[in-house]
Protein chains: 2
Amino acid sequence: MKPVKSVLIMIAMRAEAREFIQALGLKQEENAFDEKLPMMAYSGKVEDLSVVVVLNGIDKRFDVDNVATQPAVLATYVGIQKFNPDLIINAGTAGGFKKADHEIGDAVVSCDTLKFHDRRIPLKGFDVYGIGSYPCIDMPDLTKELSLKQGIISTGNSLDCTPTDLEMIEKNGAEIKEMEAAGIAWVAWTLEKPFMAVKTISDFIDSHEPSEEQFIKNLAKATKNLSDTLVKIVHYLNWQGKQG
Amino acid sequence: MKPVKSVLIMIAMRAEAREFIQALGLKQEENAFDEKLPMMAYSGKVEDLSVVVVLNGIDKRFDVDNVATQPAVLATYVGIQKFNPDLIINAGTAGGFKKADHEIGDAVVSCDTLKFHDRRIPLKGFDVYGIGSYPCIDMPDLTKELSLKQGIISTGNSLDCTPTDLEMIEKNGAEIKEMEAAGIAWVAWTLEKPFMAVKTISDFIDSHEPSEEQFIKNLAKATKNLSDTLVKIVHYLNWQGKQG
């Protein structure tokens, strides 16, 4: 992996990105993309490091963020086309597990590979394709230096979790459940860009309380910790880049 | 809707596309896309009508077609960027229902809107966003002239069908279940391109036999009828385009 001089941070929701954008003083880039596309870009510098945040944008009919993998895939593609980054980070909030000793707000970095838990295709070859298993980079110095947990991330297009989803997440050996990472990792892998994900825990899968109720209650804490963690990561990347 | 002089036909699998490509004598366009992308394009003419088929391409690790919505979204985007068609058709095989009087091989054209059954997001606004409900064009003359059935199509990323999937498909009022259409319809809607889908039935959802076993058994019949139907549709579009 070549030295990181530019990083593209993919975030699905405005609420997940706001604090980080403010913390770094990133400015919105007007006309970054085809005007019909909903994606939004914010850019700036951390000393020598170029930082761009791309958001999936808003569904104008319902005034909500374009969550789930389909917009994330397209946002990542146009983000790479426009900014040609050295590294792609997918950042966001996610579901964790009490049994994995997660706490609300914990930051977890991707390890092993990025997997899907909602692409069940029981035909030879398609079964493993469906799960995906797209690579992510291993940055042991970063995770050690910043005291970040690591875990396998599993992606599906729903916020809730059916028994089938849970079974697949367990088969995937995953302890983080979220809604975009494997789609983004697929685009990064296709275009041969290094990829990592960092997620902060907003809800527990193994809780009697529905994910959506936990998510609303814990979003502020999870996004605060997401911003703090991302700030540390970009400063680390800048420091590392300067070492050559 | 302006007269259709060019049509982009999005097909996920090589096996679904082969007969149609041969029937029209379409030729592969080398270097249609960024060389890192797996998508493939085949183009030709039906008299005055330009016809392009874009396939999602192959996962080089597992040698299988890139099915499901994530590659379909990206393929549609790059297909529109490259060919700027007047109309996008998503064609493929799909699951139908015995109780809807479907028969294996039946061709069904999209009506109403394109919906997802595996984006369950129980938060205000996100719930309806998740289902999607992206528009498709209504071509009553075409469906009548070619004696095609119409039905609501519901999209998910799995070939199998869990009880939760079935419940969502029923809530969507859908009688066709497949794996790409709503993702493609989202891109078409975003880029303001008219969209329709045509699917031929390869398996029954309301059968005791697993979808994958039916799919393998019926694929030849379903793809033959898909090709025959697409040939009729492109000839109809060419005839209609000449009427001005």
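The values are calculated or read from the model by the stated rules, or taken from the named source; none is laboratory data. Note that this is a predicted model, so its numbers are computed, not measured. Quick reminder, even Gly has a Cβ in these numbers, built from the backbone with ideal geometry, and neighbours come from all protein chains shown.
The figures follow:
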| read-out | value |
| --- | --- |
| Scope region B:115-140; condition more than 8 Å from every other protein chain (Cβ to nearest Cβ) and in contact (Cβ under 8 Å) with a residue 40 or more places away in the chain; matching residues | B:LYS115, B:HIS117, B:ILE131, B:GLY132, B:TYR134, B:PRO135, B:CYS136, B:ILE137, B:MET139 |
| In region B:215-234, the residues that are within 12 Å of chain A (Cβ to nearest Cβ) and in contact (Cβ under 8 Å) with a residue 60 or more places away in the chain | B:PHE215, B:LEU219 |
| Residue within region B:207-218 that is part of a helix (DSSP H, G or I) and farther than 18 Å from A:PRO122 by Cβ present | no |
| Any hit, region B:40-59, residues being surrounded by fewer than 18 Cβ atoms within 10 Å (Cβ to Cβ), free of Cβ contacts under 8 Å to residues at least 24 places away in the same chain and not in a strand (DSSP E or B) | no |
| Residue within region B:64-75 that is in a helix (DSSP H, G or I) and of a type in the set (S, T, N, Q) present | yes |
| Residue tally, condition more than 20 Å from A:ARG119 (Cα to Cα) and either within 12 Å of chain A (Cβ to nearest Cβ) or among the β-branched types (Val, Ile, Thr) (or both), over region B:188-214 | 9 |
| Test: residue in region A:202-209 that is touching a Gly at 6+ places or on another chain (Cβ under 9 Å) and of a type in the set (Phe, Trp, Tyr) | yes |
| Matching residues in region A:12-21 - criterion: being out of contact with any Lys or Arg (no Cβ under 9 Å at 6 or more places or on another chain) and over 23 Å from A:GLN240 (Cα atoms) | A:ALA12, A:MET13, A:ARG14, A:ALA15, A:GLU16, A:ALA17, A:ARG18 |
| Enumeration of residues in region A:141-200 that are modelled with pLDDT under 95 and surrounded by 22 or more Cβ atoms within 10 Å (Cβ to Cβ) | none |
| Residue in region B:60-77 that is surrounded by the fewest Cβ atoms within 10 Å (Cβ to Cβ), counting only those that are among the β-branched types (Val, Ile, Thr) and facing another protein chain (nearest Cβ under 8 Å) | B:VAL64 |
